[in-house]
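I have placed the structure first, in the form of structure tokens, so that the comments after it can refer back to it.
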Amino acid sequence: MIHLCCVVGARPNFMKMAPLLRAMDADADFQATLVHTGQHYDPSLSDVFFQELGMRAPDVHLNVGSGKQGEQTARILEGMEKVLEAGPGGGAKFDRLIVVGDVNSTMAASLAAAKLCIPIAHVEAGLRSGDRTMPEEINRLVTDAISDLLLVSEPSGIENLKREGHPDDHIVHVGNIMIDTLNVQLPLARGRSILKEHGLTPGQYGVVTLHRPANVDEKDSLSKLIEVFSEVSQRMPLIFPIHPRTRARIESFGLNSQLEAAPQLRLTPPLGYLDFLALTSQAKVIVTDSGGLQEESTVLGVPCLTMRPNTERPTTVTVGTSTLIGSDFKLLREEFQKVLGGQYKRGRIPDFWDGQTAGRVMLALRKCHGLPSRG
């Protein structure tokens with residue numbers, strides 16, 4: 001029996017871990033302990049995702065909550081060290097830590113495992129934006145540096161890891177685990193009533209999500225973004241499920257009046273996965289600074305205007321439907337115009353983004369632990 005410790009902490013992790021956990025639970029050679037660090041503590045960003053994704057309740061909940069980067073990382077590290085030292089029970093030890101993505105929980109759990117000499121598998125390894133001002137970039141670099149099984153979602157990940165000196169036998173191209181969840185949940189999502197509730201017509205509205213500091217922490221840039229959205233909303237409704245961080249900035253900067261002047265720019269609270277997927281999958285355009293949404297929009301074939309100067313997922317730009325906008329408001333207006341005029345580029349689905357990634361991860365784990373492949 002191979003004992004695995006699987007860690008989640010924030011909204012993006014849940015979609016990535018859900019198909020893996022199902023595959024592990026269905027394999028008699030593995031026993032998976034699920035740890036939720038509680039990095040996302042708001043029920044709207046956490047609990048509802050477990051319910052909608054059909055994930056079983058965590059075996060361990062650390063309840064670390066929010067805090068500064070260092071504070072939060074330290075609490076997760078401390079909690080994970082205790083979990084890993086205790087093992088799965090019955091005197092057994094964990095054979096491997098499984099982490100996904102690039103949040104603080106990913107790095108902190110990996111550090112705890114490395115110090116206890118527990119091997120680490122990183123799902124979504126090798127992604128690099130080149131921007132070390134982003135906490136996620138540091139999390140990715142550190143996690144990959146101490147992992148021995150690097151499970152890669154796109155070719156750029158392989159190139160990055162090789163350039164950093166990782167041996168070929170540590171790297172496996174398994175594809176994009178997020179798409180496993182998307183493919184399973186899409187029919188359910190399209191049966192939701194949220195479009196009707198907001199008076200939206202499929203293919204005739206846009207979706208906006210923003211939360212990164214570069215976009216929401218400066219009054220001038222956030223005000224200019226709202227100005228562009230207000231202009232576009234005169235031609236097409238824009239629905240904006242607003243992150244708590246972004247809402248707080250809008251209120252502290254006194255920008256509510258800008259929003260009130262644009263009735264077709266519609267703010268909603270954070271949404272569960274199914275309602276959000278219902279919106280994004282039927283949108284005409286998505287504006288986001290989310291990495292995962294760049295990937296989902298590419299598979300959905302929906303234009304994605306990415307409010308970042310760089311991306312750790314370059315295949316979404318070179319192959320998919322994403323365009324990097326950065327803070328170029330002129331370019332944002334131009335790309336909106338292309339979308340509205342039917343002139344926006346067409347993308348395709350990258351290789352291995354086929355909904356079968358969990359199976360390839362399990363094959364890699366079986367090989368790594370000396371188990372025969374299963375037909």
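What number of residues within region 337-356 are out of contact with any Lys or Arg (no Cβ under 9 Å at 6 or more places or on another chain) and on the phi < 0 side of the Ramachandran plot?
The qualifying residues number 12.
Ser297 - would you say it is among the small types (Gly, Ala, Ser) and either surrounded by fewer than 22 Cβ atoms within 10 Å (Cβ to Cβ) or touching a helix residue (DSSP H, G or I) at 6+ places or on another chain (Cβ under 6 Å) (or both)? Quick ask: steps written out before the conclusion?
Values: among the small types (Gly, Ala, Ser): yes; either surrounded by fewer than 22 Cβ atoms within 10 Å (Cβ to Cβ) or touching a helix residue (DSSP H, G or I) at 6+ places or on another chain (Cβ under 6 Å) (or both): no.
Spelling it out, it is not the case that Ser297 is among the small types (Gly, Ala, Ser) and either surrounded by fewer than 22 Cβ atoms within 10 Å (Cβ to Cβ) or touching a helix residue (DSSP H, G or I) at 6+ places or on another chain (Cβ under 6 Å) (or both).
Can you tell which of Thr311, Thr306, Thr316, Thr288 is outside the structural domain of Gly130 (by TED's automatic domain parsing), of a type outside the set (A, V, I, L, M), over 14 Å from Val207 (Cα atoms) and crowded, with 24+ Cβ neighbours inside 10 Å?
None of the others qualify; the one that does is Thr316.
Consider Ser110 carefully, then state whether it is over 25 Å from Asp275 (Cβ atoms) and either within 20 Å of the chain's Cα centre (by Cα) or outside any helix (DSSP H, G or I) (or both).
Working: over 25 Å from Asp275 (Cβ atoms): yes; either within 20 Å of the chain's Cα centre (by Cα) or outside any helix (DSSP H, G or I) (or both): yes.
Against the criterion (over 25 Å from Asp275 (Cβ atoms) and either within 20 Å of the chain's Cα centre (by Cα) or outside any helix (DSSP H, G or I) (or both)), Ser110 qualifies.
Inspect region 224-238 for any residue being within 27 Å of Pro135 (Cα to Cα) and in a loop (DSSP other than H, G, I, E, B) and give the result as yes or no.
no
Of (1) in contact with an Asp or Glu (Cβ under 9 Å, 6 or more places away or on another chain); (2) surrounded by fewer than 16 Cβ atoms within 10 Å (Cβ to Cβ); (3) at pLDDT 95 or above, Ala86 satisfies all except one. Which?
Unmet condition: (1).
Looking at Ala26, Ala113, which one is in contact (Cβ under 8 Å) with a residue 40 or more places away in the chain and among the aliphatic types (A, V, I, L, M)? Spell out how you get there, then give the answer.
On the way: Ala26 fails: in contact (Cβ under 8 Å) with a residue 40 or more places away in the chain.
It is Ala113.
Kindly indicate the residue of region 131-149 that is assigned to a loop (DSSP other than H, G, I, E, B) and at pLDDT 95 or above and also surrounded by the most Cβ atoms within 10 Å (Cβ to Cβ) among those meeting that condition. Walk me through how you get there before you give the answer.
Residues of region 131-149 assigned to a loop (DSSP other than H, G, I, E, B): 131-134, 146-148.
Imposing the further condition that a residue be at pLDDT 95 or above reduces the set to 146-148.
Numbers: Ile146: 15, Ser147: 23, Asp148: 15.
The qualifying residue surrounded by the most Cβ atoms within 10 Å (Cβ to Cβ) is Ser147.
The values are calculated or read from the model by the stated rules, or taken from the named source; none is laboratory data. Here the structure is a predicted model, which means the values were calculated and not measured. Cβ coordinates were reconstructed from backbone atoms using ideal geometry, including for glycine residues, and neighbour counts include every protein chain displayed.
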